[in-house]
Amino acid sequence: PEIPVTPGDTIGLSIRQYTTLELSIYPGQSEFSTNIYEDDGLTVSYLSNKYVWTTVSYNRDASSISVNITSSGSYPEFPSQRSYIIKLVNSLPVRQASVNGQVISYASLGGANTWRYDGVTVTTIIETVQLSTMSPVLLKVVTDPVSDSLLSGVRGGIYHAILAKQNLDASRVTPGAHSVSGGLLSEVASTGEYLSYLAGTDLTQFGLVLNSFRNKFQSAVSEVRQLEPSVDKNRWTYSMELLNTAFN
């Protein structure tokens, strides 16, 4: 779990009460739970049982995930309401989603009671409205069937492609940089932004792009490999190392 932090406003965070909690859920198990401890952050009232435990659990199958959030205990400063930002890492875009029975809608820029998709990190991001901390929260999400083997490594592939392109861009030698059509490395590096767009507009095309990513990535590696005789050796070596280790 995390809390949103604003640059320049980081002093005294330990004694602030968190009106928003950010939770990242990673794939790998069909069910899991964790506990979050909170107290006033200032006094020793916790010795008198003045604290709260919040339990976050999930159950997951190939095409759905349910997330439960419950809090127990109390102390005077504990917020009566808070919102949640829930990140489903290595996920597909949402088909249906609800929080406590209230439908969650797509919004490309996010906001309360919405979901959006960050293609660069291959993550679905769900934001809730302010909800009572005294009552359980139940998030339900339905997607197309998720293949962990297909999604595994895509995030690293996109990130390494971006870094490799930036490195070659510095010398203006990125393949396709001087043509209207561009090159394969540029296309692979922009896959994340394209997935972000497709998540809310065309799930069929989203699937096609995702399924072809590894093959296109390998074609981009071959494209960069062919630059070797004509570019700075150190810069080329660094980009090739980035690409060759992308799925490690």
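The values are calculated or read from the model by the stated rules, or taken from the named source; none is laboratory data. These figures come from a predicted structure and were not determined experimentally. Here Cβ is always computed from backbone atoms with ideal geometry, including for glycine, and neighbour counts include all displayed protein chains. Side chains are part of the model used for accessible areas, which takes the heavy atoms of the whole protein and leaves out ligands, DNA and RNA. Shrake-Rupley method; radii C 1.70, N 1.55, O 1.52, S 1.80 Å.
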Are there trypsin sites (Lys or Arg not before Pro) in segment 10-68 that DSSP puts in a loop and that have at most 16 other Cβ atoms within 10 Å, and which ones?
-> Arg16
When only DSSP loop residues count, what trypsin sites (Lys or Arg not before Pro) in segment 122-198 have their Cβ near at most 14 other Cβ atoms within 10 Å?
-> Arg172
Starting at the first residue of segment 171-186, write each ³J(HN,Hα) from the Karplus equation 6.51 cos²θ - 1.76 cosθ + 1.60 with θ = phi - 60°, in whole Hz, x for Gly and Pro.
-> 10, 6, 10, 4, x, x, 5, 10, 10, 5, 6, x, x, 5, 4, 4
Each residue of segment 201-215 in order: what ³J(HN,Hα) in whole Hz does its phi give by Karplus 6.51 cos²θ - 1.76 cosθ + 1.60, θ = phi - 60°, with x for Gly and Pro?
-> 10, 7, 6, 5, 5, 3, x, 5, 5, 5, 5, 8, 4, 5, 5
Go through Asp232, Asp169, Asp40 and list them by solvent-accessible area, largest first, probe radius 1.4 Å.
-> Asp232, Asp169, Asp40
Cα gyration tensor, segment 5-101 - rounded (a/c under 1.5), prolate or oblate = prolate
Got a sec? Charge dipole of segment 134-244, +1 on Cβ for Lys and Arg, -1 for Asp and Glu; which of Phe206, Gln166, Ser186 is way out at the positive end?
-> Gln166
Could you calculate the FRET efficiency of Gln96 with Ser135 from 1/(1 + (r/R0)^6), where r is the beta carbon distance between them and R0 is 22 Å, rounded to 0.05?
-> 0.50
Starting from the residue with the highest accessible area, list His178, His160 in decreasing order, probe 1.4 Å.
-> His178, His160
Taking H placed 1.01 Å from N in the peptide plane, check which residues at least 5 places from Tyr51 or on another chain put their amide H under 5 Å from its amide H.
-> Ser74
If you work out Rg and Dmax of the Cα atoms in Å from the coordinates, which of [x] 21.9, 71; [y] 33.8, 105; [z] 19.7, 67 do you get?
-> [x]
May I ask you to evaluate 6.51 cos²θ - 1.76 cosθ + 1.60, the Karplus curve with θ = phi - 60°, for each residue of segment 232-240 and list the ³J(HN,Hα) values in order in whole Hz, giving x for glycine and proline?
-> 3, 4, 5, 5, 5, 4, 5, 5, 5
Quick one: ranking Glu187, Glu31 by accessible area, 1.4 Å probe, largest first, what do you get?
-> Glu31, Glu187
Normalised by the number of residues in the chain, what is the relative contact order in percent for Cα pairs under 8 Å and 6+ residues apart?
-> 16
Virtual spin-label span in nm between Tyr238 and Ser181, 7 Å along Cα→Cβ | 3.0
Residues with amide H under 5 Å of Ser64's amide H, sequence separation 5 or more or different chain, H placed in the peptide plane at 1.01 Å from N; which?
-> Thr143
By the Cα gyration tensor axes a ≥ b ≥ c (a/c under 1.5 gives rounded; else a/b larger than b/c gives prolate, otherwise oblate), the shape of segment 145-248 is prolate
